[in-house]
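Peer 1: Pasting a structure below so you can have a look.
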Amino acid sequence: MSDKRLTFKKRLHILKHHYRDKKMAPAFNAIHTFLFSPDDTTHSGAHVRGADDLKRTMNMVIMALLPVLLFSMFNAGYQYYAAIDAANNVSREFSLWDTFLTWDNFWIGIIKVLPLVVVSYGVGLLVEFIFAIIKGHEVEEGYLVTGMLVPLIVPIDTPLWMLAVAVVFGVVIGKEVFGGTGMNILNPALTIRAFLFFAYPTWMSGDKVWVYQAVERTGTADAISGETVLGALAQNNLAELNYSVSDMFFGFIPGSVGETSTFLILLGGLFLIYSKIASWRIMLSAVIGSLVMGLIFNLVVDMGVISEASNFYGLMSFEYWKHLLVGGLAFGIVYMATDPVTGSQTNKGKWIYGFLIGFMSVMIRVFNPAYPEGVFLAILLMNVFAPTIDHYVVKANINKRLKRFKNATILPKDSDSKAEELKAETV
Amino acid sequence: MALLSKKDANLIKDPLADNNPITIQVLGICSALAITAELKASVVMAISVLFVLGIGNVVISLMRNIIPSKIRIIVQLIVVATLVIIVDQVLKAFAYELSKTLSVFVGLIITNCIIMGRFEAFALGNGPWRSFLDGIGNSLGYGIILVIVGFFRELLGSGTLFGIPVLGNPINKTGLYALGYENNGFMIIPPAALIVVGIIIWVQRSKNKALIEDN
């Protein structure tokens, strides 16, 4: 067979064998297997290979994230023009086709959101490739989802170099030091978010960072701002809050890039549940947890314990179910809490783990004086506790069975009638 | 003429690298996390421990044959406490601002595991000269980590070294700050020290595989 008749796929396989045992092999294989199934065969024992390998699983999550990403690109522009109109006191009517799904809006999404995605993937995969080459293992797919999650959970005006620093930190300290994909204790995307939050708090909170150009325009005549719903509530600015429930549900509100549209997140969540990628137990229990905590706060307000002058009044009096519509709670529950590596593994553990995530997210959200959001902190905290929860769930099960075993009355064995018959026949 | 015999020289050399009190024995972590946000505080802390451990080791070594074994911990505590109070008073008299920064951590040198550890493990069984070298070596090993951590935390967290701005002025936006650089607030909080110490341990162990424990 002449070289010319080889398919592209075959050529890649030949190249792969050429690179085998070279230092660059992992990097080459990563690109190769991204396009085609590897031609490796299993060398020992009998194995059943599932079609839903790690790469397919990751791709499903990416598919669930794509609508959110597209929406966020339109929303970036929408919030920008809305903020300009608000600053000029121009009243504005919302219409899906005329003011939201427009090229102007999308263009701002392209120049602001796409660079975040590119930097996140570029830097993160570079780190992954470097580690794979140094350690001599295959490049792991773990970063495919992380790289997509990261740009969606940061404010739109996050400087790209900060994102790059945070990604390096998150991937190295959050994942690689523990041994790479599947070994990490903390969710890498949230590690990156937490690093950004603690390292550069001025870029992660306030009323400027959520809208394109708001930071640059500060102090000029064209100043604009876009306070998030939670930000306004934390300052008890209940009057300024003029977003309707449907705005909050469909996501036409300022916030981190991809967290605003509860509707699309819900669709993504249903897709993940349907495709059995993510655990419905965690999602459902987290929703219940947040509702319970919200109800407790509402109850406290109803009892009149908290005065209107209190710092917590705004957030505590917020209707309990609306907590799911604003901020990153829905996004965190669907895409972050359900991470199979860092979450609980046992079914009972998943209920506890999810419930506590929802419960603590709302609690931290209300009581955190510096920043009215707590989803990432709650999930990271529960990530740390997930193995402990599993440990006690497994132990409880063992104890239950031991008890059952001890209490069981072992009856004297009935004589085996069939054997008796056989015996009688032979004799 | 060698100043120190090879055996004696190792007393100083070992704790600097392969038997470092912080990165290998993981002692004295508490103060390493708490006071390393500034390089100046790190250096002063290192010198304080150098003084306490150097003299303390000699004193304990001299008394090692007359200390009843049952009350040796109390005797050790009295020796450390005396030396720490001297350090504390000197700092208060000559560097008041700094002593406020270090606050309770000067007093807490008493409970620094490195000091009691060296008293127990070395000074009680060796002569004054070797104990002195051991004390110097261990406190230098402790100090060098403190200085490294302090260097990175102050440089990245505040953009200064010994309080002198080296990356430009963050308020007037000069130097690096003109390019959009910002100080990393994470480096100022103690968890960052844990991570920096962790990275030092990582680098050290990947350079010297013998340090990696088998599982």
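Peer 1: For the structure I just gave you, tell me whether A:Ala189 is touching a helix residue (DSSP H, G or I) at 6+ places or on another chain (Cβ under 8 Å), within 18 Å of B:Arg153 (Cα to Cα) and either hydroxyl-bearing (Ser, Thr, Tyr) or modelled with pLDDT of 90 or more (or both).
Peer 2: no
Peer 1: Here is a further query. Can you tell which of A:Gly124, A:Gly147, A:Gly180 is without any contact (Cβ under 8 Å) to a residue 40 or more places away in the chain, out of contact with any Leu (no Cβ under 6 Å at 6 or more places or on another chain) and closer than 25 Å to A:Gly343 by Cβ?
Peer 2: A:Gly147
Peer 1: Within the stretch A:338-348, is there a residue that is in the same structural domain as A:Leu270 (by TED's automatic domain parsing), within 18 Å of A:Ile273 (Cα to Cα) and of a type in the set (Gly, Ala, Ser)?
Peer 2: So far as the stretch A:338-348 goes, yes, one or more of its residues are in the same structural domain as A:Leu270 (by TED's automatic domain parsing), within 18 Å of A:Ile273 (Cα to Cα) and of a type in the set (Gly, Ala, Ser).
Peer 1: Related question: May I ask you to list the residues in the stretch A:195-217 that are under 22 Å from A:Asn105 (Cα atoms) and within 14 Å of chain B (Cβ to nearest Cβ)? Please lay out each step first, then the result.
Peer 2: Of the residues in the stretch A:195-217, the ones under 22 Å from A:Asn105 (Cα atoms) are A:207-217.
The answer is A:Val209, A:Val215, A:Glu216.
Peer 1: Let me ask something else. Do you know which residues across the stretch A:349-363 are crowded, with 23+ Cβ neighbours inside 10 Å and either of a type in the set (Asp, Glu) or over 18 Å from A:Ala278 (Cβ atoms) (or both)?
Peer 2: Selection gives A:Val362 alone.
Peer 1: Checking B:Thr23 against (1) under 30 Å from B:Lys209 (Cβ atoms); (2) out of contact with any Lys or Arg (no Cβ under 9 Å at 6 or more places or on another chain); (3) of a type in the set (Val, Ile, Thr); (4) surrounded by 17 or more Cβ atoms within 10 Å (Cβ to Cβ): exactly one of these is not met. Which one?
Peer 2: (2)
Peer 1: Within the stretch A:190-215, which residues are under 23 Å from A:Phe74 (Cα atoms) and in contact (Cβ under 8 Å) with a residue 40 or more places away in the chain? Explain how you work it out, then say what you get.
Peer 2: Restricting attention to the stretch A:190-215, the residues satisfying the condition of being under 23 Å from A:Phe74 (Cα atoms) are A:193, A:203-215.
Correct list: A:Arg193, A:Trp203, A:Met204, A:Ser205, A:Lys208, A:Val209, A:Trp210, A:Val211, A:Tyr212, A:Gln213, A:Ala214, A:Val215.
Peer 1: Of all residues in the stretch A:329-358, which are in a helix (DSSP H, G or I) and under 26 Å from A:Val257 (Cβ atoms)?
Peer 2: Quick first cut of the stretch A:329-358, residues in a helix (DSSP H, G or I) only: A:329-336, A:347-358.
Within the stretch A:329-358, A:Leu329, A:Ala330, A:Phe331, A:Gly332, A:Ile333, A:Val334, A:Tyr335, A:Met336, A:Gly354, A:Ile357, A:Gly358 meet the criteria.
Peer 1: Exactly one condition in (1) touching a Lys or Arg at 6+ places or on another chain (Cβ under 6 Å); (2) of a type outside the set (Phe, Trp, Tyr); (3) modelled with pLDDT of 85 or more is false for B:Ile189; which is it?
Peer 2: Condition not satisfied by B:Ile189: (1).
Peer 1: Then there's this: Please state which one of B:Arg205, B:Arg118, B:Arg130 is over 26 Å from A:Phe198 (Cβ atoms), within 14 Å of another protein chain (Cβ to nearest Cβ), basic (Lys, Arg) and assigned to a helix (DSSP H, G or I). So that I can check it myself, show each step before the final result.
Peer 2: Numbers: B:Arg118 fails: within 14 Å of another protein chain (Cβ to nearest Cβ); B:Arg130 fails: within 14 Å of another protein chain (Cβ to nearest Cβ).
Only one candidate passes the filter, namely B:Arg205.
Peer 1: Taking B:Ile144, is it away from chain A (no Cβ under 13 Å) and within 21 Å of B:Val52 (Cα to Cα)? Show your work before the answer.
Peer 2: Working: away from chain A (no Cβ under 13 Å): yes; within 21 Å of B:Val52 (Cα to Cα): yes.
Yes: the conditions hold for B:Ile144.
Peer 1: So, one more: Given the condition without any contact (Cβ under 8 Å) to a residue 60 or more places away in the chain and under 15 Å from the mean Cα position of the chain (by Cα), answer yes or no: does some residue in the stretch B:122-137 qualify?
Peer 2: Within the stretch B:122-137 (the criterion being without any contact (Cβ under 8 Å) to a residue 60 or more places away in the chain and under 15 Å from the mean Cα position of the chain (by Cα)), the answer is no, since none of the residues qualifies.
Peer 1: Assuming B:Ile171 fulfils every condition listed in (1) surrounded by fewer than 15 Cβ atoms within 10 Å (Cβ to Cβ); (2) among the β-branched types (Val, Ile, Thr); (3) part of a helix (DSSP H, G or I) apart from one, which condition is it?
Peer 2: That leaves (3) as the condition not met.
Peer 1: Which residue pairs have Cβ atoms under 7 Å apart, sit 6 or more places apart or on different chains, and have a first residue in the stretch A:364-389 that is of a type in the set (Ser, Thr, Tyr) and a second that is at pLDDT below 85 and not in a helix (DSSP H, G or I)?
Peer 2: Close Cβ pairs (under 7 Å, with a partner that is at pLDDT below 85 and not in a helix (DSSP H, G or I)) amount to A:Tyr371/A:Ser205.
Peer 1: Pick from the stretch A:158-188 the residues that are more than 23 Å from B:Leu194 (Cα to Cα) and within 12 Å of chain B (Cβ to nearest Cβ): which of them is surrounded by the most Cβ atoms within 10 Å (Cβ to Cβ)?
Peer 2: Out of the qualifying residues, it is A:Thr158.
Peer 1: If you scan the stretch A:364-388, which residues turn out to be buried (at least 17 other Cβ atoms within 10 Å of the Cβ) and within 13 Å of A:Leu315 (Cα to Cα)?
Peer 2: Of everything in the stretch A:364-388, those that are buried (at least 17 other Cβ atoms within 10 Å of the Cβ) and within 13 Å of A:Leu315 (Cα to Cα) turn out to be A:Ile364, A:Arg365, A:Val366, A:Tyr371, A:Pro372, A:Glu373, A:Gly374.
Peer 1: Still on this structure, please answer the following. Which condition from (1) buried (at least 21 other Cβ atoms within 10 Å of the Cβ); (2) farther than 22 Å from A:Val61 by Cβ; (3) without any contact (Cβ under 8 Å) to a residue 60 or more places away in the chain is the one that A:Pro155 breaks?
Peer 2: Looking at each condition in turn, A:Pro155 falls short on (3).
Peer 1: Can I ask one more? Name the residue, out of B:Ile164, B:Ile114, B:Ile171, B:Ile109, that is modelled with pLDDT of 85 or more and among the aliphatic types (A, V, I, L, M). First the steps, then the outcome.
Peer 2: On the way: B:Ile164 fails: modelled with pLDDT of 85 or more; B:Ile171 fails: modelled with pLDDT of 85 or more; B:Ile109 fails: modelled with pLDDT of 85 or more.
Result: B:Ile114 is the single residue among B:Ile164, B:Ile114, B:Ile171, B:Ile109 that is modelled with pLDDT of 85 or more and among the aliphatic types (A, V, I, L, M).
Peer 1: Among the residues of the stretch A:251-263, are any away from chain B (no Cβ under 14 Å), charged (D, E, K, R), within 17 Å of the chain's Cα centre (by Cα) and surrounded by 20 or more Cβ atoms within 10 Å (Cβ to Cβ)? Lay out the reasoning, then the answer.
Peer 2: Step one: of the stretch A:251-263, the residues away from chain B (no Cβ under 14 Å) are A:251-263.
Then drop every residue that is not charged (D, E, K, R), which leaves A:259.
Okay, now just the ones that are also within 17 Å of the chain's Cα centre (by Cα), so A:259.
Checking the rest, the ones that are also surrounded by 20 or more Cβ atoms within 10 Å (Cβ to Cβ) come to A:259.
Yes, there is a match, as at least one residue in the stretch A:251-263 is away from chain B (no Cβ under 14 Å), charged (D, E, K, R), within 17 Å of the chain's Cα centre (by Cα) and surrounded by 20 or more Cβ atoms within 10 Å (Cβ to Cβ).
Peer 1: Is there a residue being under 30 Å from A:Ala189 (Cα atoms), touching a Leu at 6+ places or on another chain (Cβ under 7 Å), part of a helix (DSSP H, G or I) and modelled with pLDDT under 75 anywhere in the stretch A:25-42?
Peer 2: yes
Peer 1: Considering only residues that are of a type in the set (Ser, Thr, Tyr) and away from every other protein chain (no Cβ under 13 Å), look in the stretch B:159-195 and name the one that is farthest from A:Val165 (Cα to Cα).
Peer 2: So in the stretch B:159-195, the residues of a type in the set (Ser, Thr, Tyr) come out as B:160, B:174, B:177, B:181.
With away from every other protein chain (no Cβ under 13 Å) added as a condition, the list becomes B:160, B:174.
Numbers: B:Thr160: 20, B:Thr174: 21 Å.
Looking at the filtered set, the residue picked out is B:Thr174.
The values are calculated or read from the model by the stated rules, or taken from the named source; none is laboratory data. Owing to the predicted nature of the structure, the values given are computational and were not obtained by experimental measurement. For neighbour counting, all protein chains shown are included, and Cβ atoms are generated from backbone atoms with ideal geometry for every residue, glycine included.
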